[in-house]
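Taken together, the values in this text are just the output of simple stated rules run on the coordinates, not laboratory data. The shown structure was predicted, so the numbers you read here are calculated from the model rather than taken from an experiment. Backbone-built Cβ (ideal geometry, glycine too); neighbour counts: all protein chains shown.
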């Protein structure tokens with residue numbers, strides 16, 4: 001079955017955002033019928049878990065390295081979770097999906113064209129939702145999300161400080177319509 005036919009049967013809903021707790025809550029809310037779908041979360045492959053326990057000798061990853069790992073993890077999710085569920089006619093909530101990673105990359109100063117090329121393999125979702133933390137909430141309170149993980153671990157040589165990176169990522173997510181890769 002072609003990828004287009006598989007997507008026609010099921011629905012892919014992207015939930016993106018800065019705060020892991022808000023993304024998780026929005027993903028749960030988007031899942032209308034758990035018996036007819038599921039949530040695909042980042043780090044399904046375990047690559048970030050492995051990075052988290054790596055010793056200091058592994059060094060601190062750059063934004064580019066983190067995004068290459070995110071793309072590898074997303075490819076894993078597509079192969080083993082998302083596409084099979086879509087082929088069965090299920091709804092899959094990808095939390096987070098591409099916009100979160102692109103916003104993080106843009107905030108770190110990576111070129112839009114490089115990011116669009118990196119994520120060109122990812123199918124366009126049937127729907128998009130953006131989860132924003134509650135007013136006054138500390139965006140890094142939930143450090144289990146991709147943005148929090150990246151900000152904590154990234155080598156910040158020649159890059160923005162953690163707080164500025166978070167602010168810039170949030171600004172890119174607020175303007176997420178500009179972030180859609182041009183194909």
Estimated FRET transfer efficiency (residue 72, residue 35; beta-carbon r; R0 22 Å; 0.05): 0.10
- line: residue 56 and residue 28 label points (each 7 Å along its Cα→Cβ direction) are spaced in nm at 3.8
task: Order these peptides, 10-21, 82-93, by their mean beta-carbon neighbour count within 10 angstrom, highest first.
output: 10-21, 82-93
message: Based only on other Cβ atoms within 10 Å, what is the fewest-to-most ordering of 167, 152?
response: 152, 167
message: Suppose R0 equals 25 Å. What FRET efficiency, 1/(1 + (r/R0)^6) with r the Cβ-Cβ distance, do residue 116 and residue 174 give to the nearest 0.05?
response: 0.85
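So for segment 3-174: antiparallel DSSP bridges make up what percent, rounded to the nearest 5? Show your work: numbers first, answer last.
Numbers: 0 of 14 bridges.
Of the beta bridges lying entirely in segment 3-174, close to 0 percent run antiparallel.
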query: With labels modelled as points extended 7 Å from the Cα through the Cβ direction, what inter-label distance (nm, one decimal) is found for residue 79 paired with residue 124?
result: 2.6
